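Taking it in order: structure first as structure tokens, then the write-up.
The values are calculated or read from the model by the stated rules, or taken from the named source; none is laboratory data. Computed from a predicted model, the values in this text were never measured in an experiment.
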Amino acid sequence: MSISIVAIFVSKDNMEPKLTSLFKSVIESTRKESGCLNYTLYLDQENPKRFTFLEEWQNKACLEKHLASECIQDLFNNIQDLIESSEIIQLSKIK
């Protein structure tokens, strides 16, 4: 069963350009990962400090492999000083 993720990050003041660059740097490689069905970054139209990734993974194992990857671990380490908050929501489709 596929798993969907909504990952919301809120930037600290004036950190949006740096955060945008860091987020964009992992998109292409992530989309090539085995089991990645969707990996899209959005910017909130009403709050330009809020970034949202919508992700869909073939299964939990693919998601866990992604989260453990070097590029994502580096991303998480590099954004800590740039964000006010983050929220990761794991969703399952209702059939």
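Evaluating Ser2 against the criteria (1) within 13 Å of the chain's Cα centre (by Cα); (2) closer than 23 Å to Lys93 by Cα leaves one unmet condition, (1). For segment 30-53, the set of residues classified as closer than 20 Å to Lys18 by Cα and among the hydrophobic types (A, V, I, L, M, F, W, C) consists of Leu41, Leu43, Phe51, Phe53, listed by residue number.
Residues that are aliphatic (A, V, I, L, M) and either over 12 Å from Phe23 (Cα atoms) or modelled with pLDDT under 95 (or both) within segment 54-82 comprise Leu54, Ala61, Leu63, Leu67, Ala68, listed in sequence order.
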